Amino acid sequence: MRAQLVGACLLSLLGSYAVAADPLLTSATGTSPSTFSQTIAGSPPSNIQTPTVTTPTSSPTDTLCQPSDNTPPKQIGGQIFFRGGGGFLINSRAGDVFTDTAGASGLHNNGTSGYSFGFGFQLPLMKDPIFGNTVLGEVLMDYSRFSNNSVVTTTSALLGTPSISQVPVTQLVVSGSPKYRFDMFDRLQPWIIPVGMAMLVNSPPTNNTTYLDIGIQFGAGVDYRLTRELNLGLDCRYIYNLVRPGASWLTTGAYIGFNF
């Protein structure tokens, strides 16, 4: 009986304290005494919302892997190539002083066909704004040998002791040309050189003892792209000698190109 009376008194005191402390508790914790009592009792308060966790839809890695708007444009056709084939002189140089000593002893260096080989590179300059094809700049160095007959050499004849030896008749061209490439056929890429500048080196020298001439170059060919990095091609070029038109020549051949 005494214990029940003591318990009732304690409950009454706790209730009075809770009522008196209600403003302080609310202002300090933001929680009313009833909510605080529910929390102490173990039941979740009704006015507290569970925070929502948002799962990100993309990771930083995904963002980094996405292409940006300022991605550099695709390369449109740089190439270094190595060629070889035939060389065909329009007129032979037989009878020249340095070629066969003007045909001394009836021996003539009259060959007009032989071989040629060389190398070059091309770089893209622009896209044709009308058809979308590529305009490139090409630099070529090519060597051709047309004849190599045994004749009386000029030097030995001048020294008074004529001797017979092989004298190669050759031409070296260093040219710079614009090249127009047709890109609409996918792997097959025809091209033309409308006209280009050529510097010519003659050997043996001419009758005027000059060995440098100037000329122009025309050409056409076709590229076949085996892979992104490798091309095979065929070409035909005509080198016109502006100083001595009779010393012009034609080359045809095949080449392998490495793209970059």
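Throughout, read-outs are computed from the coordinates displayed, never taken from laboratory work. What you are looking at is a predicted structure, and each value in this text was computed from that prediction instead of being measured. So basically every Cβ, Gly included, is an ideal-geometry build from the backbone, and we count neighbours across all protein chains shown.
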Among the residues of the range 179-198, are any within 30 Å of G95 (Cβ to Cβ) and buried (at least 18 other Cβ atoms within 10 Å of the Cβ)?
yes
Checking the condition over 40 Å from the mean Cα position of the chain (by Cα), under 17 Å from T251 (Cβ atoms) and not aliphatic (A, V, I, L, M), which residue from G111, G160 passes?
G111
Residue within the range 250-258 that is closer than 16 Å to E138 by Cα and buried (at least 16 other Cβ atoms within 10 Å of the Cβ) present:
yes
Which residues, taken from the range 104-119, are closer than 15 Å to S163 by Cα and either charged (D, E, K, R) or touching a residue at least 12 places away in the same chain (Cβ under 8 Å) (or both)?
A104, S105, L107, H108, N109
Condition first: within 18 Å of M197 (Cα to Cα) and either touching a residue at least 40 places away in the same chain (Cβ under 8 Å) or loosely packed, with under 14 Cβ neighbours inside 10 Å (or both). Now tell me which residues in the range 142-163 satisfy that.
D142, S144
If you scan the range 128-137, which residues turn out to be surrounded by 14 or more Cβ atoms within 10 Å (Cβ to Cβ) and more than 11 Å from G78 (Cβ to Cβ)?
N133, V135
Check the range 232-247 and report whether any residue there is in a strand (DSSP E or B), surrounded by 15 or more Cβ atoms within 10 Å (Cβ to Cβ) and touching a helix residue (DSSP H, G or I) at 6+ places or on another chain (Cβ under 7 Å).
yes
